[in-house]
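The values are calculated or read from the model by the stated rules, or taken from the named source; none is laboratory data. Computed from a predicted structure; not experimentally measured. Heads up, the Cβs are rebuilt from the backbone with ideal geometry, glycines too, and the neighbour counts pull from every protein chain shown.
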Amino acid sequence: MPKDALTITDQRTNQTLEFPVELGTVRATELRKFKTSPDDFGLMTYDPAFMNTVDCKSSITFIDGDKGILRYRGYDIDDLAENCTFLQVAYLLLFGELPTPEQEKQWRFDITHHTMLPESTKHFMNGFRHDAHPMGVLVSTVAALSTVYPEAKHVHDPANRQLQTIRLIAKMPTIAAYSYRHRMGFPYIYPDNDLSYAENFMQMLWRMVEPKFAVSPVLARALDILFILHADHEQNCSSTTMRVVGSAEADPYLSVASAASALSGPLHGGANEEVLRMLDEIGSLANIPAYIDRVKKGEFKLMGFGHRVYKNYDPRARIIKEVADQVFEVTGHNQKIEIALELERIALKDDYFVSRKLYPNVDFYSGIIYEAMGFQPEMFTVLFAIPRTAGWLAQWRELMDDPERKIARPRQVYTGIVHRKVGRKTEVKHEARDVVGVKG
Ligand code: MLT
């Protein structure tokens, strides 16, 4: 009879043990029962970059990478992108259900009435160099808010968690817009509570002297959809960072700032900026075959292709492609889409990419749309961080309610010099030793 159990024999000692298999996993700590001697620390798992390690149970986001499926709380991403607003999806991620009309009314009111930044924070932002990268400004300013709201450190208080959750989601667009206007040398524009989340962000970015900013409904809807697509993606690097920093019970401003720092990396949220740089470098359709050849020779990667989890087409990239057409109707065509579409067409039928399951991911097309909408490449990752804040906070809240929560503290295998004394020449021996120094 099949049984949810795993039997392992340690051939070092001929010890055989059976471990329960729960939800397709075995508990790594169980393996420590395999010891080669009484003072042996016990067997550990070795998994750099957590290629196959589960660190939490989560009911927020589901991904089937082989089938190219992404669901938030059970809803398909394309269903949400078609039928919901970003604020409705943020509510779903945080509270588990789409809001009722009354709940939505209160949620919109709460978010809209927390968009303002304290004047002292504006002075803080004025301290940045004129050409400071918006991600550096965003990360530092979010961290600085932890000094404006010191009560945020009471992370065990649900009402406090709720208030800081609202403040963070409400203020991210304001900080992002201010970081852009600082770069442009433009005066800051205060939030407009009459507008929707995306519309207000656009008016804070681009309003000049006109009393009311005329928002393009097509562009505002496109931005709202892009926000939905980037809102959460289960245990990616930045959400894992949010959980790791949160596990030390740091306040949510410092945890979100840490998560945003991870997102700023070119291997994570910074990839959309890299894609645009790549498309600029390719420059024309004629240059594509030569470029693909160099990718195949391993000279460089095809940015925006491939994903740790998706071994199929990233569903977000598919939706972004559809949104691109609507955006270009308003903004005019962005030539780079031709190069991107041709790159995709070639890559999807080329065995080099197919055999490696390299498909366009969410970053491949997002940069082209952002640029067509008038965003500078330096703002692309900020546009990722704004909606992802809802995902980071949902992951953090789930962690804070998790009965298995402990401070994150992985183990290591020490491979350095075993022992030596200052001033005494010792024969340097490098031996693999486990945490308690017993020879492996
Ligand atoms: C994301 O949305 O965070 C990226 O696709 C990266 C990931 O999921 O690992």
Notebook entry, point to check: Is it the case that GLN164 is buried (at least 18 other Cβ atoms within 10 Å of the Cβ), more than 16 Å from the ligand (Cβ to nearest atom) and closer than 30 Å to ILE407 by Cβ?
Noted result: yes
Check: helices (runs of 4 or more DSSP H) wholly in the stretch 332-415 with at least 1 residues that are more than 16 Å from the ligand (Cβ to nearest atom), among the β-branched types (Val, Ile, Thr) and touching a residue at least 40 places away in the same chain (Cβ under 8 Å) - which ones?
Finding: 336-349, 362-373
Check: Counting only residues that are among the charged types (D, E, K, R), more than 16 Å from the ligand (Cβ to nearest atom), crowded, with 20+ Cβ neighbours inside 10 Å and assigned to a helix (DSSP H, G or I), how many does the stretch 214-253 have?
Finding: 1
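Here's the yes/no breakdown for (1) surrounded by fewer than 20 Cβ atoms within 10 Å (Cβ to Cβ); (2) over 18 Å from ASN236 (Cα atoms); (3) charged (D, E, K, R); (4) modelled with pLDDT under 95:
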residue: PRO377; (1), (2), (3), (4): yes, yes, no, yes
residue: THR381; (1), (2), (3), (4): no, no, no, no
residue: THR389; (1), (2), (3), (4): no, no, no, no
residue: ARG397; (1), (2), (3), (4): no, no, yes, no
residue: GLU404; (1), (2), (3), (4): yes, yes, yes, no
residue: ILE407; (1), (2), (3), (4): yes, yes, no, no
Check: Can you tell me which residues in the stretch 257-268 are farther than 16 Å from HIS233 by Cβ and in a helix (DSSP H, G or I)?
Finding: ALA257, SER258, SER261
Margin query: Can you tell me which residue is modelled with the highest pLDDT among those in the stretch 313-365 that are small (Gly, Ala, Ser) and farther than 27 Å from GLY298 by Cα?
Written below: ALA324
Check: What number of residues within the stretch 191-213 satisfy the criterion of being under 17 Å from GLN88 (Cβ atoms) and assigned to a helix (DSSP H, G or I)?
Finding: 5
